[in-house]
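A short write-up of the structure that comes next.
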Amino acid sequence: MKRRAATALAAVAALGLAGCSTGSDRPELAASGAYIPQPVTAEMAGGYVVIENTGDGADKLTRVTSDISDEVQLHTTEGNSMRQVDSLPVPAHGKLELKRGGDHLMFVNLKHKPTEGEKVTVEFHFAESDPISLEVPVEATNHNPPN
């Protein structure tokens, strides 16, 4: 009887420890520092954000939607060349930094030209994680936050 009770207790303890494990392969995403510089033209605007992943699983940014444009492109920059891509990686325990001179968003065929002080609704969609919605401030055309 005592042996059965000890075996049952060990099984319950093992299940409890398994439930407390932090080894899930899930991404844990958060976005910060988002901004859109006031565009120079009325046709397109750039967008920047940092997406941090504190989880054990990688993810990727696959699509962005916004109230100022029906088409938001993901761009990667290699050297002096930029090109549109289908997704951008968000590594486990790492971050995706969209910044001037690097990978970025391109809001194409703007519905209206956003102005400094305005807030723009932007939703980030991922392969694995739920979308993240932000109210992104429009900053001065030459805004460039410190790294």
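Values in this text are rule-based calculations from the coordinates and carry no lab data. Quick caveat, the model's predicted, so the values are computed rather than measured. We place every Cβ from the backbone using ideal geometry, glycine too, and count neighbours over all the protein chains shown.
Report the full-extension gain for the segment residue 26 to residue 144: residue separation times 0.36 nm, less the Cα-Cα distance, to one decimal in nm. Let's see the in-between values first.
Details: separation 118, 0.36 × 118 = 42.48 nm, distance 3.23 nm.
Going from the current span to full extension adds 39.2 nm.
In this structure, the amide hydrogen of residue 94, modeled 1.01 Å from its nitrogen in the peptide plane, lies closer than 5 angstrom to those of 53, counting only residues at least 5 positions away or on a different chain. Between residue 63 and 125, the built amide H atoms are under 5 Å apart, and every one of these is 5 or more places off in sequence or on another chain.
Ranking 102, 87, 73 by Cα position along the charge dipole of region 63-140, where only Lys, Arg, Asp and Glu carry charges on their C-beta atoms, puts 102 farthest toward the positive end. Between residue 62 and residue 100, the contour length at 0.36 nm per residue exceeds the Cα-Cα span by 11.7 nm. Distance between the 7 Å Cα→Cβ label points at residue 77 and residue 54: 2.9 nm. In this calculation the C-beta distance from residue 44 to residue 123 is compared with R0 = 22 Å, giving a FRET efficiency of 0.75. Computed about its Cα centre, the charge dipole of region 69-147 is approximately 260 debye, with only Lys, Arg, Asp and Glu carrying charge at their Cβ.
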